[in-house]
Amino acid sequence: MIKKKVHLIVGARPNFMKMAPLYREFAKYSEQFEVKLIHTGQHYDDRMSKFFFIDLLLPEPDEYLEVGSGSHGVQTARIMERYEKVLLADRPDLVIVAGDVNSTIACALDAAKLHIPVAHLEAGLRSWDRSMPEELNRLMTDAISDYLLIPSKDARFNLLQEGIPENKIYFVGNIMIDSLIQHRKKAENSNILAKLDLHKADNTRADFVLITMHRPSNVDNEDSLLILLNTFKQLSEKIRLIFPIHPRARKNMKKYNLENDFESITNLMLIDPIGYYDFMKLQMTAKFVVTDSGGIQEETTFFGIPCLTVRPNTERPITIVEGTNELVGLSAEKIMAESAKILQGNFKMGRIPQFWDGRTAERIVQIFINEFEK
Ligand code: UD1
């Protein structure tokens with residue numbers, strides 16, 4: 001039997017936990033598929049990339065394109081130029097891209113132009129906010145993909161509205177949850193709480209809030225950073241804050257001379273980005289999470305931990321309707337009001353959405369076994 005060649009594309013941190021379960025599932029069918037892991041190098045710091053490969057048990061990538069940072073145009077073009085060469089040399093039967101980062105659209109576009117089938121993992125999510133680079137990446141990737149693998153039912157409606165034919169849409173579930181379930185035990189055993197000294201004198205756990213912040217609209221300008229600074233000052237009077245800081249946010253704090261102001265908030269701990277297990281452990285044990293991330297809105301819903309999302313909109317409305325997420329925008333007042341609700345025990349409870357069950361990778365690989373048998 002001739003093996004089908006599949007490329008799995010990763011580039012930025014949130015891609016790794018989506019591709020790892022799929023890589024492992026394809027490996028079970030090694031007589032049918034030859035799978036290559038392609039890393040564009042969009043994220044390159046060890047803490048943003050290499051350590052995740054280790055935690056998620058991913059092998060070294062088969063190709064590393066080393067594109068690094070740059071403006072959107074430069075980064076996207078550099079990925080396209082380098083990945084096209086790989087495609088021409090290797091001629092895969094299928095390219096699978098994930099999420100909404102620049103690596104996603106760049107590699108999808110390369111493949112589509114060479115008439116190589118593209119599958120988009122996490123298709124159909126829409127924030128309806130085209131000022132976000134991720135929304136443009138999502139729209140464009142979905143428009144040129146052959147297989148739209150959706151994580152939740154609302155995504156089907158969005159795609160149909162855009163004229164995507166029904167027979168290209170596959171409801172497979174949320175693959176990030178596969179990773180959470182696979183690694184949950186190891187995350188539970190992480191010693192990050194002890195490392196951060198998050199224990200009280202009587203050895204019970206101290207309550208804390210986990211913060212992540214990296215969206216351009218929140219961290220790229222001084223006004224937004226000042227709002228965050230003021231909010232964290234207020235919140236830190238109520239509860240301890242742990243903030244693993246994304247390189248983009250750190251860079252901008254430095255640029256606007258605000259790093260010391262953040263550092264000097266008592267009860268706020270700024271730490272470098274941390275690995276997958278440690279971060280999971282912090283999410284599972286936090287009193288609540290304040291974030292502008294996409295994936296964390298979903299992970300907190302799975303863990304049943306309240307999440308305040310510092311954005312005016314979300315492409316993941318199911319985390320609000322069914323889960324534990326609430327939009328608060330970049331507003332100190334709103335964040336303080338919702339935090340008070342949580343601290344008083346008055347916040348909503350959530351449930352886990354359909355097919356967030358750890359079996360998404362299985363469903364996806366079955367689709368391609370069937371497709372290639374046709
Ligand atoms: C990217 C994604 C975003 C995702 C986020 C997760 C796009 C358009 N955005 O944003 O959707 O939520 O990843 O982290 O693809 N940098 C480093 N080291 C690194 C990577 C980045 O120092 O390993 C710094 C560089 O200064 C770079 C900046 O962070 O200029 C931004 O990196 P970039 O990859 O452009 O976008 P992210 O903000 O990470």
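The values are calculated or read from the model by the stated rules, or taken from the named source; none is laboratory data. Just so it is clear, the structure is predicted and the values come from calculations on it, not from any experiment. Methodologically, a virtual Cβ is constructed for each residue, glycine included, from the backbone with ideal geometry; neighbour enumeration extends over all protein chains shown. The accessibility values were calculated without ligands, DNA or RNA, using every heavy atom of the protein model including side chains. Shrake-Rupley method; radii C 1.70, N 1.55, O 1.52, S 1.80 Å.
I'd like to check which strands (runs of 3 or more DSSP E) are fully inside region 68-171 and have at least 1 residues that are within 12 Å of the ligand (Cβ to nearest atom). Let's see the steps before the verdict.
Values: elements: 94-98, 118-121, 147-150, 169-171.
In region 68-171, 94-98 are the strands (runs of 3 or more DSSP E) which contain 1 or more residues that are within 12 Å of the ligand (Cβ to nearest atom).
On the basis of being open to solvent by less than 20 Å² (accessible area, probe 1.4 Å) and among the hydrophobic types (A, V, I, L, M, F, W, C), does Ile177 make the cut?
Against the criterion (open to solvent by less than 20 Å² (accessible area, probe 1.4 Å) and among the hydrophobic types (A, V, I, L, M, F, W, C)), Ile177 qualifies.
Just name the residue that is farthest from the chain's Cα centre (by Cα) out of those in region 212-226 that are open to solvent by 10 Å² or more (accessible area, probe 1.4 Å), within 14 Å of the ligand (Cβ to nearest atom) and of a type outside the set (S, T, N, Q).
Asp220
Go through region 274-289 and give me each residue that's part of a strand (DSSP E or B) and within 16 Å of the ligand (Cβ to nearest atom).
The answer is Val289, and nothing else.
List pairs: first in region 44-60 and under 22 Å from Glu25 (Cβ atoms), second surrounded by fewer than 16 Cβ atoms within 10 Å (Cβ to Cβ), Cβ under 9 Å, 6+ apart or cross-chain?
From region 44-60, the pairs are Phe53/Pro59; Phe53/Glu60; Asp55/Lys186.
How about region 78-101: which of its residues are open to solvent by 10 Å² or more (accessible area, probe 1.4 Å) and either touching a helix residue (DSSP H, G or I) at 6+ places or on another chain (Cβ under 7 Å) or among the polar types (S, T, N, Q) (or both)?
Met80, Glu84, Asp100, Val101
Does Ala155 fit the bill of being out of contact with any helix residue (DSSP H, G or I) (no Cβ under 8 Å at 6 or more places or on another chain), among the small types (Gly, Ala, Ser) and outside the structural domain of Leu282 (by TED's automatic domain parsing)? Let's see the steps before the verdict.
Details: out of contact with any helix residue (DSSP H, G or I) (no Cβ under 8 Å at 6 or more places or on another chain): yes; among the small types (Gly, Ala, Ser): yes; outside the structural domain of Leu282 (by TED's automatic domain parsing): yes.
Answer is yes for this residue.
Is at least one residue of region 59-66 assigned to a helix (DSSP H, G or I) and either open to solvent by 20 Å² or more (accessible area, probe 1.4 Å) or hydrophobic (A, V, I, L, M, F, W, C) (or both)?
Scanning region 59-66 turns up no residue that is assigned to a helix (DSSP H, G or I) and either open to solvent by 20 Å² or more (accessible area, probe 1.4 Å) or hydrophobic (A, V, I, L, M, F, W, C) (or both).
Sort through Ile369, Ile318 and tell me the only one that's surrounded by fewer than 19 Cβ atoms within 10 Å (Cβ to Cβ), at pLDDT 95 or above, aliphatic (A, V, I, L, M) and within 21 Å of Ile175 (Cα to Cα).
Ile369
Does Asp292 meet the test of being within 12 Å of the ligand (Cβ to nearest atom), surrounded by fewer than 21 Cβ atoms within 10 Å (Cβ to Cβ) and not basic (Lys, Arg)?
no
Are any residues in region 227-273 more than 30 Å from Gln344 (Cβ to Cβ), away from the ligand (no atom under 16 Å from the Cβ) and touching a residue at least 24 places away in the same chain (Cβ under 8 Å), and if so, which ones?
Scanning region 227-273 gives a single hit, Leu258.
Which one is surrounded by the fewest Cβ atoms within 10 Å (Cβ to Cβ), of the residues in region 256-273 that are out of contact with any Lys or Arg (no Cβ under 8 Å at 6 or more places or on another chain) and assigned to a helix (DSSP H, G or I)?
Filtering first and then ranking leaves Asn260.
If you check Leu258, Leu193, which single one turns out to be of a type in the set (A, V, I, L, M) and modelled with pLDDT of 95 or more? Can you show your working first?
Working: Leu193 fails: modelled with pLDDT of 95 or more.
Matching residue, one of Leu258, Leu193: Leu258.
Only one residue in Lys238, Lys185 is in contact with a Ser or Thr (Cβ under 8 Å, 6 or more places away or on another chain), open to solvent by 80 Å² or more (accessible area, probe 1.4 Å) and basic (Lys, Arg). Which one?
Details: Lys185 fails: in contact with a Ser or Thr (Cβ under 8 Å, 6 or more places away or on another chain).
When all the criteria are applied, what remains is Lys238.
Looking only at region 328-338, decide whether some residue is surrounded by 18 or more Cβ atoms within 10 Å (Cβ to Cβ), of a type outside the set (A, V, I, L, M) and outside any helix (DSSP H, G or I).
no
Mind telling me which of the residues Ile265, Ile227 ends up being out of contact with any strand residue (DSSP E or B) (no Cβ under 8 Å at 6 or more places or on another chain), of a type in the set (Val, Ile, Thr) and farther than 23 Å from Asp46 by Cα?
Values: Ile265 fails: out of contact with any strand residue (DSSP E or B) (no Cβ under 8 Å at 6 or more places or on another chain).
Unique residue meeting the criteria: Ile227.
Name the one entry in Thr76, Thr40 that is more than 15 Å from the chain's Cα centre (by Cα), β-branched (Val, Ile, Thr) and farther than 21 Å from Gly295 by Cα.
Numbers: Thr40 fails: farther than 21 Å from Gly295 by Cα.
Sole residue among the options that is more than 15 Å from the chain's Cα centre (by Cα), β-branched (Val, Ile, Thr) and farther than 21 Å from Gly295 by Cα: Thr76.
Can you tell which of Leu235, Leu241 is more than 22 Å from Asn313 (Cβ to Cβ) and assigned to a strand (DSSP E or B)?
Of Leu235, Leu241, the one residue that is more than 22 Å from Asn313 (Cβ to Cβ) and assigned to a strand (DSSP E or B) is Leu241.
Scan region 29-43 and report the pairs whose first residue is free of Cβ contacts under 8 Å to residues at least 40 places away in the same chain and whose second residue is more than 10 Å from the ligand (Cβ to nearest atom) and hydroxyl-bearing (Ser, Thr, Tyr), with Cβ atoms within less than 8 Å and a gap of 6+ or a chain change.
Val35/Tyr23; Leu37/Tyr23; His39/Tyr64; Gly41/Tyr64
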